[in-house]
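Note sheet for the following structure.
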Amino acid sequence: MGSGSMMGERGVKQSTLAVTVGVVFAVMAAGLLIATVNVRAAIAREQAASSRQAEFKQLAQDLTDATDRLTLEAQLYAVTGDLKHLDAYCCGLPPGCGHRVMPRSVAG
């Protein structure tokens, strides 16, 4: 029994090892590519969500401001009876909005 025959029985051929290493490398590279694509997509979704969140916060603040303004106009009209406050309340927008709705009790 020579050492050459023992090597063939127990050892792994260099070509088999090279193919195995190549396949493992290809699988790892594919996994890394997929992970990179997924991370980029997640970052894009997060940025879009942050943008929508900022927009919704601004809309909520605008709604709060409008509600406060309408409440103030209604209170001022109730206390003073001045029709300019009723007009501002009914319009619901800054002066000159061009849209006016008067309650039936006042429109007379």
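The values are calculated or read from the model by the stated rules, or taken from the named source; none is laboratory data. Bear in mind that the values here come from a model prediction, so they are computed numbers and not experimental data. So basically every Cβ, Gly included, is an ideal-geometry build from the backbone, and we count neighbours across all protein chains shown.
Take Leu76 and decide whether it is over 34 Å from the mean Cα position of the chain (by Cα), surrounded by 10 or more Cβ atoms within 10 Å (Cβ to Cβ) and modelled with pLDDT of 90 or more.
Judged against the criteria, Leu76 is a match.
For (1) at pLDDT below 90; (2) touching a helix residue (DSSP H, G or I) at 6+ places or on another chain (Cβ under 9 Å), each residue gets a yes or a no:
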site	(1), (2)
Arg52	no, no
Glu55	no, no
Thr80	no, no
Ala88	yes, yes
Gly92	yes, yes
Gly96	yes, no
Arg100	yes, yes
Pro103	yes, yes
Ala107	yes, no
